Amino acid sequence: TESMSNAPYLLPRARSGLKFGDATLVDSVLRDGLVDAFDHRHMALTAEALATQYGITRAEQDDFALRSQQRYEGARAAGRFADELVPIDKLDRDEHARAETTLEGLAKLKPAFDPQGTVTAGNASGINDGAAMLVVADRDFALQQGWPILASLESWATCGCDPKRMGLGPVHAIRKLVERDRLKIDSLDTIEINEAFAAQTLACVRELSLDESRLNPEGGAIAMGHPIGASGARLVVHLAHKLARGDSSRALASLCVGGGQGAAVVLKSAR
C-alpha cells in the first residue's frame, strides 16, 4: 500500500530540541521517495542523464508517453483491468490516466526538472496513491485452501547498479536472470518494465534490444501512475491476471529502484 498524498512533512532535530534559529520542514515524498540518498539527485535528473547518454529525444519520449496513454485506455475500455481492480466506494477506475492526451498537448509542456532538459510532467509517471495485493504460496497448499492459482513463479533476480543510472536497474536484473537461467527473451510474450520515466524505459529498450510491441501492451505508469511502494506488486498482479486469462503464457515484470537497484521476475501460465 502506498499513499503518497499522506506522506508527512518532517521536522529534523525537533525530538531533541531546536533551541535557537529557524527550522525547515522536509517533504518526505522528496527526501525518502524521489531524491537519491547518496548524491541527493532527483530521480528525474537520473532520467535526464539517460536521455543524454542514449540520445533519446523529447519527441521520442512524448511518443512513448502517448502510446502508454493510448494502450491503457484501449485495455481499460476492453475490460482487461476489470478482474484485478477492487472498487472503493464510488471509485472503480484509475484516476491518473488521461485518454485525451495528444502529441500537441505533450509538446506544449515545459521541462519539469532541468530547464534545458526533456523530462516533463507528461512523459514521466505521476505521484499517486495505490495498493496491490498478491499471495505467493506452494501449489498444493493453495489447492487445499481452494484458492485460485493465477500464475506460477518461474524465476527472479535482483541487482544493484550505479545510483546515478538507477533507471537501468531492469537491464541489469534481466541480464542476470537471462544469463543465470539461460532464458531467451524471445520466449517471453509479454514484458512489463515500470515506466518511471519515458527516457528511462526507452534506455532499457535500447540496452536490451526489446520488441516494443511486447512491452507494456496495456500501458504503464505514465498513464496509470507510480505509487512507488506498490508498483512492483501491481505489475505482478497485472501479469498474473493476464496469464490466468490465457492472454499470455510466459511473462516478465521488472522495475528500477531509487538508490541504484533493479528487480525482475518471470511468471508462467499455471494452466
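The values are calculated or read from the model by the stated rules, or taken from the named source; none is laboratory data. A quick note: this is a predicted structure, and the numbers were derived from the prediction, not measured. Heads up, the Cβs are rebuilt from the backbone with ideal geometry, glycines too, and the neighbour counts pull from every protein chain shown.
Structure data summary
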read-out: Condition check for residue 158: of a type in the set (Ser, Thr, Tyr), modelled with pLDDT of 95 or more and within 28 Å of residue 57 (Cβ to Cβ); value: no
read-out: Subset of the range 44-68 [closer than 22 Å to residue 213 by Cβ and among the acidic types (Asp, Glu)]; value: 60, 62, 63
read-out: Residue among 80, 71 that alone is touching a residue at least 60 places away in the same chain (Cβ under 8 Å), of a type in the set (Lys, Arg), buried (at least 16 other Cβ atoms within 10 Å of the Cβ) and assigned to a helix (DSSP H, G or I); value: 71
read-out: Residue within the range 226-239 that is over 22 Å from residue 1 (Cβ atoms), touching a strand residue (DSSP E or B) at 6+ places or on another chain (Cβ under 9 Å), surrounded by 18 or more Cβ atoms within 10 Å (Cβ to Cβ) and among the hydrophobic types (A, V, I, L, M, F, W, C) present; value: no
read-out: Scan of the range 97-156 for residues that are among the hydrophobic types (A, V, I, L, M, F, W, C), in contact with a Leu (Cβ under 7 Å, 6 or more places away or on another chain) and closer than 20 Å to residue 72 by Cβ, ordered by number; value: 103, 106, 121
read-out: Inter-residue pairs, beta-carbon under 9 Å, first of a type in the set (Ser, Thr, Tyr) and in the range 133-153, second surrounded by 10 or more Cβ atoms within 10 Å (Cβ to Cβ), 6+ apart; value: 152/139; 152/243; 152/267; 152/268; 152/269; 152/270
read-out: The range 56-92, residues that are under 19 Å from residue 112 (Cα atoms) and not hydroxyl-bearing (Ser, Thr, Tyr); value: 56, 58, 59, 60, 61, 62, 63, 64, 65, 66
read-out: Residue that is surrounded by the most Cβ atoms within 10 Å (Cβ to Cβ) [pool: residues in the range 1-43 that are hydrophobic (A, V, I, L, M, F, W, C) and assigned to a strand (DSSP E or B)]; value: 35
read-out: Residue within the range 86-94 that is modelled with pLDDT of 95 or more and surrounded by fewer than 14 Cβ atoms within 10 Å (Cβ to Cβ) present; value: no
read-out: Flag if residue 85 is free of Cβ contacts under 8 Å to residues at least 24 places away in the same chain, under 17 Å from residue 226 (Cα atoms) and aliphatic (A, V, I, L, M); value: yes
read-out: Out of 118, 46, 52, 101, sole residue that is surrounded by 15 or more Cβ atoms within 10 Å (Cβ to Cβ) and part of a helix (DSSP H, G or I); value: 46
read-out: Of all residues making up the range 128-174, the number that are surrounded by 17 or more Cβ atoms within 10 Å (Cβ to Cβ), farther than 15 Å from residue 204 by Cβ and of a type in the set (D, E, K, R); value: 0
read-out: Filter result for residue 5 (closer than 30 Å to residue 237 by Cα and either over 21 Å from the mean Cα position of the chain (by Cα) or of a type in the set (Gly, Ala, Ser) (or both)); value: yes
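Yes/no matrix, rows are residues, columns are (1) assigned to a helix (DSSP H, G or I); (2) polar (S, T, N, Q); (3) touching a residue at least 40 places away in the same chain (Cβ under 8 Å):
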| position | (1), (2), (3) |
| --- | --- |
| 165 | yes, no, yes |
| 175 | yes, no, no |
| 195 | no, no, yes |
| 200 | yes, yes, yes |
| 213 | yes, yes, no |
